[in-house]
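The values are calculated or read from the model by the stated rules, or taken from the named source; none is laboratory data. A quick note: this is a predicted structure, and the numbers were derived from the prediction, not measured. Here Cβ is always computed from backbone atoms with ideal geometry, including for glycine, and neighbour counts include all displayed protein chains. Please note that ligands, DNA and RNA were not included when accessible areas were found on the heavy atoms of the full protein model with its side chains. Shrake-Rupley method; radii C 1.70, N 1.55, O 1.52, S 1.80 Å.
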Amino acid sequence: MSQSVAAFKPNYFIIQSLDGNKKIDITNSLLFFDYFEDILSPCVTATAQIVNSTSLFNLLPIRGGEKVSISVDTAFGEFLFDGDNAFYVYKVSNLDAQKSSEMFTLHLVSREGLTNDTARCQRKYTGNIQTTITKILKDDLKTKKFKIENIEATSNDYSFIGNNRKPFHTLTWLGPKAVPANGQNSGTSGGDNNGVAKGTAGFLFYENKDGFNFRSIDSLVSSTQIQNNSSDKESIYNYQYTPIIESNNVETNFRILNYKYEKNIDLMKALRVGMYANRTYYFDLYSNTLDIYKYTLKDQVKNKLGASESIAVSDEFGDSVSRIMVKVSDRGNLNNDGSVSGKSRSGADMSMSYSRYNLLFTQALNMVIPCNIRLKVGDIINAQFPKITRSDNKEADDEQSGKYLIKELRHHFEGNQMVTSVKLIRDSYGLYGPENI
């Protein structure tokens, strides 16, 4: 069996009391440990199943807010959450205390998952959205767990007042309003009755093992670091399905153990949400004008995961408006001198983001692979699946295989089993050639 599946070597699993005076290493009481990331979740979480011969729950005691430090050796290096990256207990469930043993489940979250409930965005925020995201992380959430290159530049400004909203709520709320700084041909052709919304919009805010991220969908689905104006391709792991797992073979670390398709095309739903083509009416309360924009997705999407030249949809449905929306144009708040902010394109940008978000989740599949702690949500991996034929053919399916984006991730650590479960999503079909991997 693959070493990354079988070798579970915890170095320590230390829980610290609330006053900091007591630390207990409960590695020998750890039955299993699960670590979770989700591209739609602003913080990482974990669960640990504890079985102990003494009353640890009342001995420490555990009352919520205790710091937990974790270190595990794996085939891909040390899985480490300690210091500023340590977890904190937010819940204890399934407590079963009997005469000879005690069993319970620890629910863990990153520190910011707790401090988010005690922090508020109270000031007025102005300027570029990228600057606002950085300011909220530093000043309101008071965290250093982010790299500036993971807070992607945006091309648009937005002025608003926090209104005592929680940081995570505000950071997620800004995602659909943001437009990538490197977006090509982004904008509109003008208003009136023949306006056309151009380009794509839409960002995602999430936490992975590298910290917090604010990334556009366009940069996530691109194999190059377009958010950094770099042509260097990010590291992409290649996984291949095979029913045979060879022991003591390093190549088995990159085998797909099993997979299952969860979601595929749903044309009726896509039409109902206006994914392919929509028309939006924007009324400006300040100037009393009405602008109308049509957005056709297949003409605007440039970066995508599949190899197809364009979005696979017939002209009958891809060009015909299937959803009409009516919105009030958003100018944000007054400038510092009391003047009204210039006309915002956030209305048109919202239409673009609706379509782009829905397209990204067109396909979804669940996959189990040997534990790879270097993977994280927001990464692209290349997965090859076999073509279904009557003969014993190992040829890859050119349509279903290809690049996928990791939406959800779970590392499972247990005695003789360490595996990674991922949910992969994709916006188009087709296998990239080897020269593009």
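Miscellaneous remarks
- Across the options Gly64, Thr126, Ser110, the greatest Cα extent toward the positive end of the charge dipole of region 1-138 (unit charges at beta carbon of Lys, Arg, Asp, Glu) belongs to Thr126.
- Sorting 66-79, 366-379 by average packing, meaning the other beta carbons within 10 Å per residue, from highest down gives 366-379, 66-79.
- Report note on the peptides 273-284, 54-65: ranked by the mean count of other C-beta atoms within 10 Å, highest first, their order is 273-284, 54-65.
- Spherically averaged projected area in nm², based on the convex hull that wraps the Cα atoms of region 57-195: 14.2
- A 1.4 Å probe run over the protein chains yields, for region 254-304, 56 Å² of accessible area per residue, whole-number rounding.
- Burial order of peptide ranges 313-325, 289-301 (average beta-carbon count within 10 Å, highest first): 289-301, 313-325
- Other-chain or far-sequence residues with amide H under 5 Å of Cys43's (modelled H): Glu207
- Exceeding the 22 Å Cα-Cα cut-off - candidates Lys67/Lys209; Lys23/Lys99; Lys304/Lys423; Lys22/Lys376; Lys209/Lys423; Lys294/Lys327: Lys23/Lys99; Lys22/Lys376
- Net charge of Cβ neighbours under 13 Å - reference Lys9; Lys, Arg +1; Asp, Glu -1: -3
- Computed label-point distance, nm, for sites Thr126 and Ser235 using a 7 Å Cα→Cβ extension: 4.3
- In sequence order, calculated HN-Hα J values of region 351-364 (Karplus, 6.51, -1.76, 1.60; Hz; x Gly/Pro): 4, 4, 5, 3, 5, 5, 4, 5, 5, 4, 9, 4, 10, 8
- By the Stokes-Einstein formula, at 1.306 mPa s and 10 °C, region 106-185 with its Kirkwood radius over alpha-carbon pairs has D equal to 119 µm²/s.
- Straight-distance crosslink candidates among lysines, where the alpha carbon sits under 16 Å from Lys138 and sequence neighbours closer than 8 are dropped: Lys124, Lys147, Lys166
- ³J(HN,Hα) computed for each position of region 375-389 - Karplus, 6.51 cos²θ - 1.76 cosθ + 1.60, integer Hz, glycine/proline x: 6, 8, 5, x, 7, 9, 10, 9, 10, 10, 10, x, 6, 7, 9
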